[in-house]
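The values are calculated or read from the model by the stated rules, or taken from the named source; none is laboratory data. The model shown is predicted, which means the values in this text are computed figures rather than measured ones. So basically every Cβ, Gly included, is an ideal-geometry build from the backbone, and we count neighbours across all protein chains shown.
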Amino acid sequence: MTQITLVLPFALPPTELAPDLVRALQAPALAALISRASCTALPFDDNLRALPHEAWLAHRLGLSADGRPAYAAAAMRGFGLDPAADSWFIINPAHIDIARSHLSVGDMRQLQLDDSHAHALFDTARPLFDEIGKMLLYGDAHTWFMRAGDWSALQTASPDAAAGQNLTDWLPTGPLAADFRKLQNEVQMLWFEHPANVEREGRGLAAINSFWPWALADAGAAVAHAPALTSAAVPAWLSATASGPAQPNAAGGDAADSVLVRGDLSAAAIGADWSGWIGHMHRLEETLFAPTLAALMQGHKAKVKLVLGHRHAHREFTTTKWSQRAFWRRPTLNRLLP
């Protein structure tokens with residue numbers, strides 16, 4: 001049996017806006033896929049300090065530790081780096097906004113950080129990490145890695161879960177959190193008025209004034225029977241974790257069990273750009289949902305699962321060609337509602 005699971009972060013609209021957003025959607029293929037399907041509300045623990053799809057995917061790929069996403073070692077290998085026998089964090093260069101009443105971290109997709117600036121900031125900061133035994137390795141402009149050492153007990157949050165939130169609730173915690181904050185402050189001072197940041201601000205871009213650790217993992221391998229993973233429009237750490245090239249839709253591919261993650265909706269949802277969210281949903285209708293429904297009806301896929309979520313919850317819809325023949329079930333998008 002060939003089956004594909006489509007994972008779409010933020011495809012469920014937020015509770016307070018769901019009725020209006022669903023009314024604005026024109027997505028008949030998506031309506032058919034979710035109406036003529038079994039639906040399961042998936043469990044999710046807010047204490048994981050991650051988004052539902054991040055925790056679900058980590059579990060599905062065998063990349064979780066105590067339920068928490070543990071992507072670092074797999075992402076390192078995707079960048080051609082060897083985690084050896086150590087534990088590592090993913091490190092994302094970040095911009096922290098200072099508001100009147102609180103601090104917040106911005107959506108890292110919006111940073112437009114190029115390799116020249118990223119390398120300059122990385123090279124400036126690396127000696128501070130080396131001094132305390134926290135080796136820093138470069139993956140790409142947005143994705144670095146830090147050896148955890150005795151910081152393995154730090155409790156961290158994913159950058160997408162923290163984006164736009166009050167940082168008081170999202171900064172790393174644990175016995176050595178004060179040591180982490182000391183390093184963070186020292187790096188911030190080095191990067192203040194760094195030539196790379198001066199040039200960025202001159203171009204109207206946000207300064208890179210901090211870094212974000214998360215996804216702690218050791219060098220242990222993923223489970224032997226993990227599905228083939230492909231992705232599109234996702235952060236670089238996830239692209240590096242994927243086992244196959246990016247693909248735009250679900251119609252192709254011969255793997256018996258595959259997962260496709262599409263991150264098209266994330267930036268709009270995190271930024272509360274709901275007009276943009278609707279536009280992306282309509283493009284997904286054309287490029288993903290309609291081809292998936294056609295592949296199912298033509299027998300190219302025996303089963304399709306959709307894992308749709310928002311910040312606090314997610315649901316799984318499972319459908320087959322035979323399920324789609326249930327003509328008495330009128331296609332509707334109401335299953336996107338709370």
- Residue satisfying all of: in the stretch 312-329; in contact with a Phe, Trp or Tyr (Cβ under 8 Å, 6 or more places away or on another chain) and not in a strand (DSSP E or B); surrounded by the most Cβ atoms within 10 Å (Cβ to Cβ) among these: ALA313
- Could you check how many residues of the stretch 102-125 are of a type outside the set (Gly, Ala, Ser), farther than 13 Å from ALA206 by Cα and crowded, with 18+ Cβ neighbours inside 10 Å? 2
- Somewhere in the stretch 195-217, is a residue closer than 30 Å to HIS310 by Cα, under 20 Å from the mean Cα position of the chain (by Cα) and surrounded by fewer than 20 Cβ atoms within 10 Å (Cβ to Cβ)? yes
- On the given criteria, is GLY133 of a type in the set (Gly, Ala, Ser), assigned to a loop (DSSP other than H, G, I, E, B), within 21 Å of ALA72 (Cα to Cα) and not assigned by TED's automatic domain parsing to the domain that holds GLU54? yes
- Note on the structure: Filtering the stretch 43-97 down to residues that are assigned to a loop (DSSP other than H, G, I, E, B) and either touching a Ser or Thr at 6+ places or on another chain (Cβ under 9 Å) or aliphatic (A, V, I, L, M) (or both) yields ARG49, ALA50, LEU51, LEU63, ALA70, TYR71, PHE79, LEU81, ALA84, ALA85, SER87, HIS95
- Task: Looking for whichever is among the small types (Gly, Ala, Ser), outside any loop (DSSP other than H, G, I, E, B) and within 16 Å of LEU136 (Cβ to Cβ) here; the options are ALA178, ALA215. Which one fits?
- Result: ALA215
- Pairs under 7 Å by beta carbon, first residue assigned by TED's automatic domain parsing to the domain that holds LEU265 in the stretch 301-316, partner hydroxyl-bearing (Ser, Thr, Tyr) and not in a strand (DSSP E or B), six or more apart or different chains? LYS301/THR2; ALA302/THR2; VAL304/THR292
- Query: Taking the stated definitions as given, is ALA29 assigned to a helix (DSSP H, G or I) and either crowded, with 22+ Cβ neighbours inside 10 Å or touching a strand residue (DSSP E or B) at 6+ places or on another chain (Cβ under 7 Å) (or both)?
  - Reply: no
- Note on the structure: Selection from the stretch 98-117 of residues free of Cβ contacts under 8 Å to residues at least 40 places away in the same chain and either under 17 Å from the mean Cα position of the chain (by Cα) or not in a helix (DSSP H, G or I) (or both) yields ILE98, ALA99, ARG100, SER101, ASP114
- For the stretch 49-67, enumerate the residues that are more than 18 Å from ALA236 (Cα to Cα), touching a helix residue (DSSP H, G or I) at 6+ places or on another chain (Cβ under 9 Å) and at pLDDT 95 or above. ARG49
